[in-house]
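The values are calculated or read from the model by the stated rules, or taken from the named source; none is laboratory data. In this text, all values refer to a predicted model and were calculated from it rather than measured experimentally. Note that each Cβ is placed from the backbone with ideal geometry, even for glycine, and that neighbours are counted across all protein chains shown.
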Amino acid sequence: MWRGKKVAVIFPTYNEKDSIRAATLEYFESRLADEVIVVNNNAAPGTSEEIRGTGAREIFESRQGYGHALLRGIDECDADLIVLSEPDGTFSGNDLIKLLAYSDDIPVVFGTRTAREFIWDGANMGWFLRWGNWAVAKMTELLFNTTILTDMGCTHRLFQREAMLLIRPHLTIGGSHFGPQLLMEVVAHKIPFVEIPVNYRRRVGHSSVTGDFGKAFLLGLQMIALVLQYRFGLCRRNRTVWQGELSIQQQLAALGRSAHQPAPDLSPEPVSAKRES
């Protein structure tokens, strides 16, 4: 719980049997996560047994892909603050407080793994991944005149529920480049966001995407293509722009009157003049 708001962490899992239990418990130990939702995306045998007893809620998504798994988790989540993370040991549950602190002022908080001081020894953040993610992020920042971006592929993120509901109808990618689409939809909807450095640790086990140079290179090309599609209007554009505050009509509706009704007179009644004798 954070300032009276329910906090949920969503883990997509495929090949994280050896790390998912510790990752789940680490988020619960922060005493900030009310719920951890684990989306079993045709995960390795034994994954469910590792999850059992942690307090996490396990759900299943048979359509293979990072995006499919996260979308299922998002659709099953009713929390006020939705945190996306990874159960592979790379992200720290202790960073949850950073994301939550910024959520008081900003509806979307992105993590970045490119700050050198937060990259742990053995983390899979060599020159290609680090500078590749930085370059695509800077391209996006330049093309869309966004706030500072330094990491296009960081998967540790927080969304206020209202922001997630706004972009959810436009989220369509089921594969690994779902993460960049999340970012692009935030930009397209003009939702305020901020990027903060998060710890990035050595992965437990082997990544099926970033652990393979060829797959990582292909993912980078998909990111670039996606950004260009949004920039040149190749993605659908009927979006509701983020308002941030209630509109006048919504405020009036909350007060139980229409926009055509006069506002009540709240000025103090005049004080009667004292009669002279």
>> Can you report the number of residues in segment 59-76 which are in contact with an Asp or Glu (Cβ under 9 Å, 6 or more places away or on another chain), surrounded by fewer than 21 Cβ atoms within 10 Å (Cβ to Cβ) and in contact (Cβ under 8 Å) with a residue 60 or more places away in the chain?
In response: 1
>> Considering only segment 122-133, I want to know if a residue exists there that is touching a strand residue (DSSP E or B) at 6+ places or on another chain (Cβ under 7 Å) and basic (K, R).
In response: no
> When you go through (1) at pLDDT 85 or above; (2) under 27 Å from L81 (Cα atoms); (3) surrounded by fewer than 17 Cβ atoms within 10 Å (Cβ to Cβ); (4) out of contact with any Leu (no Cβ under 8 Å at 6 or more places or on another chain) one by one for N238, which number turns out not to apply?
Replying inline: (1)
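Quick grid of which residues meet (1) touching a helix residue (DSSP H, G or I) at 6+ places or on another chain (Cβ under 8 Å); (2) part of a loop (DSSP other than H, G, I, E, B); (3) at positive phi; (4) among the hydroxyl-bearing types (S, T, Y):
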position	(1), (2), (3), (4)
V9	yes, no, no, no
A22	no, no, no, no
A33	yes, yes, no, no
V36	yes, no, no, no
G53	no, yes, yes, no
I97	no, no, no, no
F110	yes, no, no, no
> Name the residues in segment 177-195 that are surrounded by 18 or more Cβ atoms within 10 Å (Cβ to Cβ), modelled with pLDDT of 95 or more and not in a helix (DSSP H, G or I), would you?
Replying inline: I191, F193, E195
>> Can you tell me how many residues within segment 77-92 are surrounded by fewer than 21 Cβ atoms within 10 Å (Cβ to Cβ), at negative phi and either more than 15 Å from the chain's Cα centre (by Cα) or part of a helix (DSSP H, G or I) (or both)?
In response: 1
> With respect to the numbered conditions (1) closer than 16 Å to F178 by Cβ; (2) basic (K, R); (3) within 20 Å of the chain's Cα centre (by Cα), which one is the sole condition not fulfilled by R63?
Replying inline: (3)
>> If a residue must be within 19 Å of A22 (Cβ to Cβ) and at pLDDT below 95, how many such residues does segment 67-121 contain?
In response: 0
> Does V9 satisfy being free of Cβ contacts under 8 Å to residues at least 40 places away in the same chain, buried (at least 24 other Cβ atoms within 10 Å of the Cβ) and under 20 Å from N199 (Cα atoms)?
Replying inline: no
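For (1) assigned to a loop (DSSP other than H, G, I, E, B); (2) among the acidic types (D, E); (3) within 17 Å of R113 (Cβ to Cβ), each residue gets a yes or a no:
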| site | (1), (2), (3) |
| --- | --- |
| C154 | yes, no, yes |
| R168 | no, no, no |
| G175 | yes, no, no |
| G205 | yes, no, no |
> Could you say which residue among A115, A137 is crowded, with 20+ Cβ neighbours inside 10 Å and either closer than 19 Å to L219 by Cα or among the hydrophobic types (A, V, I, L, M, F, W, C) (or both)?
Replying inline: A137
